[in-house]
Amino acid sequence: MAKANNITDDHPIPVGDGFLQFGSFEDGWDDDDPRRAHLDQYMHQLELAGKPAISAMIERYAEQNRPVSCFINNPFIPWASDVAESLGIPSAMLWVQSCACFAAYYHYNHGLVTFPTETDPEIDVQLPSMPLLKHDEVPSFLHPSTPYACLRTAILGQFKKLDKQFCVLMDTFQELEPEIVEYMSKFCLIKTVGPLFKYPEVPNNTIQQVDEIAEALLATGISYLWVMKPPAKESGLPIHTLPEGFLEKVGDNGKVVQWSPQDKVLIHPSVSCFVSHCGWNSTMEALSCGVPIVAFPQWGDQVTDAVYLVDVFKTGVRMGRGEAENRIIPKEEVAKCFVEATVGPKAKDLKRNALKWKAAAEAAMAGGGSSDRNIQAFINE
């Protein structure tokens, strides 16, 4: 971030009106260090470099009469609470997934419920106050088959340090997950402060899957806006082209772009559904805008979020079970989901439920709402 913004000193950079400022520190590796390609090594290096750097940064702010009164970290940097504790600063964790996923990690960490193992990878998981999760519906980092064990270790590190945080801020709202929020509040102080908005990343689909989606759009005749983000240059992946003649065949019925302001698109009254990977940010945006979802999860919390969208919130249609399924969704299934979410018999119910959650989200964030009260209480504490 510092390099992208030409930051060459230790002074924080103000954003907007100056209430938000960005600081940065060096991770200690050269840009071309081959170890950067190994996430587990980089996460370890980030902790080694980050602890003393952030500690020095906070002490420097105090000398400049800008003392840090609270330290908020995210699920992937558990060591940040150690820095706060060493400086006598209260810390909180901002949990950016659902409370349901928080509960899954908590129970996994404390061994309270049996999860899939190397010897029995297809165990279904029943957590208190939650629907039954099939083995491929638990957060994928908790499954023994995950290739991202280092991320599981990082997140679980937060749960080993929960006693150091005076509260957990959650990007959800009380009315959305009432049972599991109430249950998990028995174990730690939870303040629901969502929905919080930011632009989520869209995962890269395989070439075959893009072709199947394109063919399904042609078959259904549904009008669409398709965001196809090109792969990052450093990924080495080729830029995929749509099937030959696709754009000519759809004509004015659709538009393909590389980027769009997701929140502005979702709030538009002509949008009848949103095909999403079901990351929690996208989930919250869709619920807050009253838009049904065609759930196309890939990994991490997305597979669990899809369960809630389809079976609990009842605003979604499932179009796959994530990377554990290891298959291309054929155009016939894709088309069926598109029709079901837009013009099929179920479409009206999906929209009605989505609008119900939209109203609930607005009420939660309005003055005196559940999330507004929690934010104010957090600031006061």
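Summary table below
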{"quantity": "Cut-off of 10 Å, at most 11 other beta carbons, DSSP loop: longest stretch of the chain lacking such chymotrypsin sites (Phe, Trp or Tyr not before Pro)", "calculated": "20-258"}
{"quantity": "0 to 90° range, to nearest 10: angle between helix 39-63 axis and the chain longest Cα axis", "calculated": "50"}
{"quantity": "Those aspartates and glutamates that a straight Cα-Cα span of less than 14 Å connects to Lys348, excepting residues fewer than 8 apart in one chain", "calculated": "Glu340"}
{"quantity": "Å³ per residue enclosed by the Cα convex hull of segment 118-176", "calculated": "128"}
{"quantity": "Spin-label pair Asn109/Arg66, simplified geometry with 7 Å Cα→Cβ offset, distance in nm", "calculated": "3.1"}
{"quantity": "Ratio of the Cα radius of gyration of the chain to 2.2 N^0.38 Å, where N counts its residues", "calculated": "1.04"}
{"quantity": "Within the chain, helix-based [θ] at 222 nm, where runs of 4 or more DSSP H residues each add -39,500 (n - 2.57), nearest 500", "calculated": "-11500 deg cm²/dmol"}
{"quantity": "16 Å Cα-Cα reach of Lys351 towards lysines, excluding residues that sit fewer than 8 places from it in its own chain", "calculated": "Lys314"}
{"quantity": "Rounded FRET efficiency, nearest 0.05, which uses the C-beta distance separating Phe166 from Gln258 and R0 of 51 Å", "calculated": "0.75"}
{"quantity": "Computed lengthening from Asn74 to Glu362, 0.36 nm per intervening residue step minus Cα-Cα distance", "calculated": "101.2 nm"}
{"quantity": "Cα coordinate range in segment 207-362, projected on the principal axes (Å, largest first)", "calculated": "43, 34, 28"}
{"quantity": "Of Lys164/Lys356; Lys160/Lys229; Lys51/Lys134; Lys229/Lys336, those spanning more than 29 Å from alpha-carbon to alpha-carbon", "calculated": "Lys164/Lys356; Lys160/Lys229; Lys51/Lys134"}
{"quantity": "Length gained when the stretch Phe187-Ala219 is fully extended (0.36 nm per residue, less Cα-Cα span)", "calculated": "6.5 nm"}
{"quantity": "Degrees separating the helix 331-342 axis from the principal Cα axis of the chain, which is the longest one", "calculated": "80"}
{"quantity": "Antiparallel bridges, percent of DSSP beta bridges restricted to the chain (to nearest 5)", "calculated": "15"}
{"quantity": "Additional length obtainable on full extension of the chain from Val271 to Asp372, 0.36 nm per residue less Cα span", "calculated": "33.5 nm"}
{"quantity": "Asp32-Ala149 FRET efficiency (beta carbon distance; Förster radius 35 Å; 0.05 resolution)", "calculated": "0.85"}
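Computed from the coordinates by the stated procedures, all read-outs in this text should not be read as laboratory data. Bear in mind that the values here come from a model prediction, so they are computed numbers and not experimental data. Cβ atoms come from the backbone with ideal geometry, glycine included; neighbour counts cover every protein chain shown.
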